[in-house]
Each structure stands twice: as structure tokens, then as C-alpha cells.
Amino acid sequence: MNNISASANEARTLIMEAMGRLVAEGVFPAEPMPAFNIEIPADRSHGDFAANVAMVSAKALHMAPRKIAESIMDALDLTESRFDKVEIAGPGFMNFYLSQKWYSDVIADIKAEGSAYGSSDIGKGERVLVEFVSANPTGPMHVGNARGGAIGDSLAAVLQAAGYETEREFYINDAGNQIEKFGKSLSLRYMQLCSEKGQMVYKNAADTEAVCRQIYGDNGNTADFPMPEDVYLGQDIIAHAKNYYDENGNALEQLEEEDRKKALVAFALPKNIQGLKDDLAQYRIHYNTWFPESTLHNDGSVTQIIQQLKDSGYTYEKEGALWFKAEELGADKDFVILRSNGIPTYVVPDIAYHYNKLVTRKFDRAIDILGADHHGYVPRLKAALTALGVDASKLTVVLMQMVAVMRDGQPVKQSKRSGKALTLVTLLEDIPADAARFFFNLREANSHFEFDLDLAVEKSSSNPVYYVQYAHARICSLIRNLVESGISVPDCSAVNLDVLSTPAERELIRQLALLPAEIETAAKQLDPSKLTKYTIDLASQFHKFYDACKVRDAETSELRDARMILCDAARQVLANALAILKVDAPEKM
């Protein structure tokens, strides 16, 4: 249950009912009531909730704000409400103070709901497709993909917790220019192995790395085997070519170039895609669907979309190419959808893909996690969807800034442990998945972020993920030690929770009560970083409580039992929040 929202709504209702009574009694004129805010004050001495109703109503009621507030307060009926008092501050702010029963009810709700605590139904089952990472399958995933993976996967989990029917999807770019480049690169490397020098080295080298080093040097481009600019020079391409040669020899040497490229792509691409799946699984990411771009070409969707855009009246021909009138629909400029040679541009399959999401598969909403360099691409895509009769507001794009990985205060280009270029896999060789997922969600997606590798492995309170996990482990240790001494966590219904009334106890309970609201806010704003920040605040609040309040040696057994239940509730809430982020909640550290 969202006790924070429920309490704010109740305060609003109490005010409106009081004002209704005042109008009926003739104290207030029968005027339309202006909108007013119910907020949580930054300073707790100003109450748990504050209302500005008196200030915003002064003009309509022709009355001083403080007089309005005094009248409303006199007419308030707090009987059976969550509040035990209301005070007036300053020019007329109305400060509401929660009752002790409210604090006890929060703990009871957490204990009753367990692992489900924090979830809500604001999504009402709306079907949402979250597409993220969608890395080029012609090579390994880079650190930017690591950030996108953590953000996208956690966002999907947040939406699920908020009541949306959410699916995760990876869009495989297995068609177009990058696959042509992939095939060309593979073919060149394969033919180099088939050459006289390549054969000589191949027969004498001990392993793949030796072949690569002796034939291609450190950068994959030597005088003996020069490579053109429009190819991939990565070691993975060389390894694929050698692996194919290991299995099939020079069977492709005499084929036409196009046939050789197709054969090598058919051999290498599935291995790359499986590699992506394996790497992402190591990162705790599992997709509902891996959607190949080639599907859209093979089933005629790309051709159909071009025809639909023509039929929409938003296209024109210029210099032999077919252009889309994007400017008329709010984009920055028109763009080509069909080149003069009859080949669709890269954006057409993307249009077909999003049409497939929203029309063919009937998702209520599509969310893409894309790099910030797609800033101009988004309005063009939305313009095309609008021309196709699709409600473009159903597509939301979260633009993600790049991340700078740092070590010793300097940018990092390669893994310290493996010595290889820093990819998702090599990053996870240097730091735990917990740290990677937590750190990449420390900031909003649209903010630049420096990932400190040294801090991510540091076992101190300066490391935010360690700090949060330590709080969970500390609670588990406390409860375990009490159980070992014969003191178990009692049944919540048998304990008087109203004895939890100190400031430290109340502040911790308030923080526990915030989880449902934080999940709802994170879902509405598409910002899972709110949960990482929440767990840090909760860990901090628990440590403050633990330093201020004795548990084992509490003044009475009644207070000890109540504090044990409070500690166990804090453990549950930390575990629930970390589970959404797919970060472990350890019992020992």
C-alpha cells in the first residue's frame, strides 16, 4: 500500500470536506475552490504534510490566508484519520502531523505484504515494450551498452512493479550496411588465411592469437595484409575467419565474393548473437524477444511501409530519390526513405519495426533506450509514425548520455585484468555485476556519468552499492545473532508497535513508507535511478536508527520486540528495492 499517497489524499479530502462545511454554514462564500498543493516539507518540524490552500484561496474568498487556515482547522474532523493534529505556520500554511497509528500501520503493511511490498497497480495492465541495448551484432558490446542494459532492464522491472505488463526486447540489426561491412571484413580475413603467407603462418602457429599476431600485427593492418577503411579490424573478425578455416579449409576460396561473404556471415553472425545473449545473461539481463531486422525485409514489411508512406501523401521525389515530408509533421528536416538506386535508407526498417510494435503486435506503449546521438532521429521517426496513422505519443525514447570509465582519476580504455579493450564482458571481469548495475543507475539516463572502477570495488561506506548491501547484511546479522541467543522475530500482530515513537524510529518508518511512491514516480518518469537513490537514503536512515536505538539491549522486552520487527521490515524493503535493480541483497559480508 502507498501510505504516503493515501495520506496526502486524505489530507486533501479532509480540507475539502471542511471547506464544504464552512460554505454550508456561510463562513465561506460559495466560490469555486482553487487548486492547492499537499507537499512533504523538507523540514520535519513543519509537519509530515503541508497544504497551501489558505494562500491560494485568499483572492476567491476575500479573506486573509491565516484567517482561512484558522477557519478550516476549526472545521476539520480528524476522527479516524491518519492525523492526530494540524498546526498553522507563517502566513497560513497548514501542517498535518501523522498519528502514531500511521507509523505502526506502515510496519504492519510491510510485514503483511512481504516481497510484494512497494508494488502498485497504477499501470493497470497496460502493455509496454521496452527495447534496450540492441547492440550491433557484428562485434562485442561496449561500455555504453552496459549503461543502457542496466537502465533498460531496471526500467522494465520498475514498470512491472508499478502494474504494467512489460516485455523486454533486443532488436538485432542483422541486415543493412553493417552486415555488408561484416561480410566484407570476414571475406578479406579468410582470403588472407588462404594466401601463401597466411598458410605458412597458419601451419606453424600454436593458436589463434599467434596467427593473428604474426599475420596481422597489433592493429590488424600490416603491409603484407593491408585493409581498406570500410571494414572491421577487430580480433573477433580474425578469430571467426580462422575458426571457419579450421572447420572447412579453403572451401570458399574459389567462390564469388558475394557467395563467400554470405557463407561467412551465416557462420559467424549466429555465434555473435549467441555471444550477446551469453554476455547479457552474465549481466542478469534476459529478453522476452530477440527481434531480427531481417524479418522485416523478408516478410515484405519494409516494402509495405514505403508504399504506406507514399499513400499518406507525405512523400515526394527529388533527384531520383523518394523523400519523406518530415518537416510538415514537426521534424527538423525532410529525409530520404528510398535512394535513387532503389535501396531503402536505414530509417525505413526502423519505421517498419516501430509500426510492428504498436500496430501489428498492439503494444500500448513502446519505450526505446537510445544514445544521445539519436536526438534528431526521434522526431523524424515520430513524424513517420504519424503519417502512418499511428499515435506517435505511444513511442517514448529515453536518451542516454555516454559514460566515462575512470581509474586513478584517468579515463580507462582497457581492462586492467585482461588487458583487452573495455567491453561489457571485460568490465565484468574487473567489477561485480552488482556494482555495474547499481553504478550505471546512480544518475538519470540523460546525465553524463563517470564510472569510478576503483570506487566500485572498494569495501567502504564511500562505495554506494557496498554501503546499501552492508545495511542489509547488518540487519541479517543482527537478527541472526538474536535468534542464536534464543530471541526470534515475534509475530507482528502480537507486538505493540506504538512504542516506536522516537525521532530515529519515526524517520526510518517514514523512509520505509516511501518505497511504493518511489516506484510509482520512477515508473512515471522512466527513471530507475530514483530507486538506487532511495536505497542509499534507506541504508543511511537505518544506520542512524541503529546508532541511536538499542535493539538487543532495549529498555524493555516490548520495545526490543518492536524494534526487531522494525529492523526486519527495513531488511524486507531493502531487499525488495534491490531485487528490482537485480542487485543482490547479501545476508553476510
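Report yes if residue 139 is surrounded by fewer than 22 Cβ atoms within 10 Å (Cβ to Cβ) and in a helix (DSSP H, G or I), otherwise no. Lay out the reasoning, then the answer.
On the way: surrounded by fewer than 22 Cβ atoms within 10 Å (Cβ to Cβ): yes; in a helix (DSSP H, G or I): no.
No.
In the stretch 410-438, how many residues are at pLDDT 90 or above and over 15 Å from residue 234 (Cβ atoms)? Even if it seems obvious, please write down each step before you answer.
Initial filter on the stretch 410-438 (at pLDDT 90 or above): 410-411, 424-438.
Filter once more, so that each one left must be over 15 Å from residue 234 (Cβ atoms): 410-411, 427-438.
Here the count works out to 14.
Mind checking which pairs have a first residue in the stretch 40-52 that is touching a residue at least 60 places away in the same chain (Cβ under 8 Å) and a second that is part of a helix (DSSP H, G or I) and open to solvent by 30 Å² or more (accessible area, probe 1.4 Å), Cβ under 7 Å, 6 or more apart or different chains?
No pair meets every condition.
List the helices (runs of 4 or more DSSP H) that sit entirely inside the stretch 277-356 and contain at least 1 residues that are of a type in the set (A, V, I, L, M, F, W, C) and under 13 Å from residue 385 (Cα atoms). It would help to see each step written out before you state the result.
Numbers: elements: 293-298, 301-312, 347-355.
In the stretch 277-356, the matching helices (runs of 4 or more DSSP H) lie at 301-312, 347-355.
Listed here are the residues, each with its yes/no results for (1) of a type in the set (Asp, Glu); (2) over 28 Å from the mean Cα position of the chain (by Cα).
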site: 429; (1), (2): yes, no
site: 437; (1), (2): no, no
site: 440; (1), (2): no, no
site: 450; (1), (2): yes, no
site: 459; (1), (2): no, no
site: 462; (1), (2): no, no
site: 465; (1), (2): no, no
site: 496; (1), (2): no, yes
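Do any helices (runs of 4 or more DSSP H) lying entirely in the stretch 477-589 carry at least 3 residues that are in contact with an Asp or Glu (Cβ under 7 Å, 6 or more places away or on another chain), and which ones are they?
Passing ranges, in order: 529-548.
Could you check how many residues of the stretch 569-589 are open to solvent by 20 Å² or more (accessible area, probe 1.4 Å) and closer than 18 Å to residue 544 by Cβ?
Number satisfying all stated conditions: 1.
Which of the helices (runs of 4 or more DSSP H) contained wholly in the stretch 173-251 include at least 1 residues that are surrounded by fewer than 17 Cβ atoms within 10 Å (Cβ to Cβ), modelled with pLDDT of 80 or more and under 41 Å from the mean Cα position of the chain (by Cα)? Break it down stepwise before answering.
Working: elements: 177-194, 196-204, 208-216, 235-248.
Counting at least 1 such residues, we get 177-194, 235-248.
State which residue is nearest to residue 423 (Cα to Cα) when the search covers only the stretch 264-290 and only residues that are open to solvent by 30 Å² or more (accessible area, probe 1.4 Å) and touching a Leu at 6+ places or on another chain (Cβ under 7 Å).
This residue is 279.
Mind listing whichever residues of the stretch 357-386 are farther than 19 Å from residue 331 by Cβ, in a strand (DSSP E or B) and in contact with a Gly (Cβ under 9 Å, 6 or more places away or on another chain)? Spell out the reasoning first.
First pass over the stretch 357-386, keeping only residues farther than 19 Å from residue 331 by Cβ: 357, 359-365, 367, 369.
The next check asks that each one be in a strand (DSSP E or B); those that pass are 365, 367, 369.
Across the stretch 357-386, the qualifying residues are 367, 369.
Test residue 148 against the criterion of being in a helix (DSSP H, G or I), farther than 30 Å from residue 489 by Cα and of a type in the set (Gly, Ala, Ser), and give yes or no.
Details: in a helix (DSSP H, G or I): yes; farther than 30 Å from residue 489 by Cα: yes; of a type in the set (Gly, Ala, Ser): yes.
So residue 148 passes the test.
Restricting attention to the stretch 431-471, which residues are open to solvent by less than 10 Å² (accessible area, probe 1.4 Å) and either assigned to a helix (DSSP H, G or I) or at positive phi (or both)? Outline the logic, then answer.
Going through the stretch 431-471, the residues open to solvent by less than 10 Å² (accessible area, probe 1.4 Å) turn out to be 431, 435-441, 451, 453, 456, 463, 465, 468, 471.
Matches in the stretch 431-471: 435, 436, 437, 438, 439, 440, 453, 456, 465, 468, 471.
Could you list, in sequence order, the residues of the stretch 501-533 that are of a type in the set (A, V, I, L, M) and within 20 Å of residue 108 (Cβ to Cβ)? Write out each step before concluding.
Just the residues of the stretch 501-533 that are of a type in the set (A, V, I, L, M), to begin with: 504, 508-509, 512-515, 517, 519, 522-523, 526, 531.
Correct list: 504, 508, 509, 512, 513, 514, 515, 517, 519.
Just for the stretch 387-415: of the residues that are outside any loop (DSSP other than H, G, I, E, B) and farther than 30 Å from residue 359 by Cα, which one is nearest to the chain's Cα centre (by Cα)? Outline the logic, then answer.
So in the stretch 387-415, the residues outside any loop (DSSP other than H, G, I, E, B) come out as 387, 392-400, 403-407, 410-411, 414.
Right, trim to farther than 30 Å from residue 359 by Cα and you get 403-407, 410-411, 414.
Working: 403: 15, 404: 18, 405: 19, 406: 22, 407: 25, 410: 27, 411: 25, 414: 26 Å.
Among them, the one singled out is 403.
Just give me the residues in the stretch 527-559 being β-branched (Val, Ile, Thr) and open to solvent by less than 20 Å² (accessible area, probe 1.4 Å), in sequence order. Working first, answer last.
Just the residues of the stretch 527-559 that are β-branched (Val, Ile, Thr), to begin with: 532, 535-536, 551, 556.
Those that are β-branched (Val, Ile, Thr) and open to solvent by less than 20 Å² (accessible area, probe 1.4 Å): 532, 535, 551.
The values are calculated or read from the model by the stated rules, or taken from the named source; none is laboratory data. In this text, all values refer to a predicted model and were calculated from it rather than measured experimentally. Note that each Cβ is placed from the backbone with ideal geometry, even for glycine, and that neighbours are counted across all protein chains shown. The accessibility values were calculated without ligands, DNA or RNA, using every heavy atom of the protein model including side chains. Shrake-Rupley method; radii C 1.70, N 1.55, O 1.52, S 1.80 Å.
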